[in-house]
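The values are calculated or read from the model by the stated rules, or taken from the named source; none is laboratory data. As the structure is a prediction and not an experimental result, all values here were calculated from the model. Here the Cβ positions follow ideal geometry from the backbone for every residue, glycine too, while neighbour counts run over all protein chains shown. Protein only, heavy atoms only, side chains kept; ligands, DNA and RNA dropped before computing areas. Shrake-Rupley method; radii C 1.70, N 1.55, O 1.52, S 1.80 Å.
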Amino acid sequence: MEILVYSISKEKIEFYSEINEYIKMSKKYANIKDKVLFNNQIAKAQSSSKDMALKAYDETYEPLIEGFCVGLDEGGKMLDSVEFSKLFLAKNKVSFFIGGAYGLSNNFKSKMDKIISLSKMTFAHKIAKLVLYEQIFRGLCINANHPYHK
């Protein structure tokens, strides 16, 4: 299985070593790739307006839509860890999309197979990404009956 995590950020975020540790621990279950995207179009759009930023995110993300696609959004469905683990069952490729400073557009979210929320609380981008990677590892362990979840 291949798991792709796309995020829009100016640079590799803090918790880089912790995220890489979850990627390393997950290797026996899945090939995970962390794809951090940022370009001049996004930088310019984010300083102009929310609508322009969302359009720039869409233009960056839309060519990357493949496999079972999951968008992270504060208005998405909240899942417990066991429900989250089911996202990986019978799938060859799962792509997660984390929005930029303005989230994900409604247009982009309509192209996702599932929209989830990590919490009712709002997290800084770097915290949300770390939580996502921990839950990916936990979900893979649940599906493999590994004791990590206990």
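Inspect all residues belonging to the range 3-24 and state whether any of them is touching a residue at least 60 places away in the same chain (Cβ under 8 Å), open to solvent by 50 Å² or more (accessible area, probe 1.4 Å), on the phi < 0 side of the Ramachandran plot and not in a strand (DSSP E or B). Yes; the residues of the range 3-24 include at least one that is touching a residue at least 60 places away in the same chain (Cβ under 8 Å), open to solvent by 50 Å² or more (accessible area, probe 1.4 Å), on the phi < 0 side of the Ramachandran plot and not in a strand (DSSP E or B).
Can you tell me which residue is least open to solvent (accessible area, probe 1.4 Å) among those in the range 113-131 that are hydrophobic (A, V, I, L, M, F, W, C) and in contact with a Ser or Thr (Cβ under 9 Å, 6 or more places away or on another chain)?
Within the range 113-131, the subset hydrophobic (A, V, I, L, M, F, W, C) is 115-116, 118, 121, 123-124, 127-128, 130-131.
Now drop any that are not in contact with a Ser or Thr (Cβ under 9 Å, 6 or more places away or on another chain), which leaves 128, 131.
Details: ALA128: 18, VAL131: 48 Å².
That would be ALA128.
Results for (1) on the phi < 0 side of the Ramachandran plot; (2) surrounded by 19 or more Cβ atoms within 10 Å (Cβ to Cβ), shown as yes or no for each residue.
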{"residue": "GLU62", "(1), (2)": "yes, no"}
{"residue": "PHE68", "(1), (2)": "yes, no"}
{"residue": "LEU72", "(1), (2)": "yes, yes"}
{"residue": "MET78", "(1), (2)": "yes, no"}
{"residue": "LEU87", "(1), (2)": "yes, yes"}
{"residue": "ILE98", "(1), (2)": "yes, yes"}
{"residue": "GLY103", "(1), (2)": "no, yes"}
{"residue": "LYS111", "(1), (2)": "yes, no"}
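If you go through the range 36-60 and keep only what is open to solvent by 60 Å² or more (accessible area, probe 1.4 Å) and in contact with a strand residue (DSSP E or B) (Cβ under 8 Å, 6 or more places away or on another chain), you end up with just PHE38. Only a single criterion out of (1) on the phi > 0 side of the Ramachandran plot; (2) touching a His at 6+ places or on another chain (Cβ under 7 Å) is not satisfied by CYS141, namely (1).
Being more than 14 Å from the chain's Cα centre (by Cα) and in contact (Cβ under 8 Å) with a residue 12 or more places away in the chain is true for just one of GLY75, GLY100, GLY71. Which residue is that? It would help to see each step written out before you state the result.
Values: GLY100 fails: more than 14 Å from the chain's Cα centre (by Cα); GLY71 fails: more than 14 Å from the chain's Cα centre (by Cα).
Being more than 14 Å from the chain's Cα centre (by Cα) and in contact (Cβ under 8 Å) with a residue 12 or more places away in the chain holds for just one of GLY75, GLY100, GLY71, which is GLY75.
Can you work out which of the residues in the range 25-35 that are open to solvent by 40 Å² or more (accessible area, probe 1.4 Å) and out of contact with any Cys (no Cβ under 8 Å at 6 or more places or on another chain) is modelled with the lowest pLDDT? Before you say what the answer is, go through the steps one by one.
Filtering the range 25-35 down to residues open to solvent by 40 Å² or more (accessible area, probe 1.4 Å) leaves 25, 27-29, 31, 33, 35.
If we keep only those that are out of contact with any Cys (no Cβ under 8 Å at 6 or more places or on another chain) too, we end up with 25, 27-28, 31, 33, 35.
Details: MET25: 97, LYS27: 96, LYS28: 96, ASN31: 97, LYS33: 96, LYS35: 93.
Per the criteria, the residue is LYS35.
Would you say TYR61 is closer than 20 Å to GLN41 by Cβ and either touching a His at 6+ places or on another chain (Cβ under 8 Å) or modelled with pLDDT under 95 (or both)?
On the way: closer than 20 Å to GLN41 by Cβ: yes; either touching a His at 6+ places or on another chain (Cβ under 8 Å) or modelled with pLDDT under 95 (or both): no.
So TYR61 fails the test.
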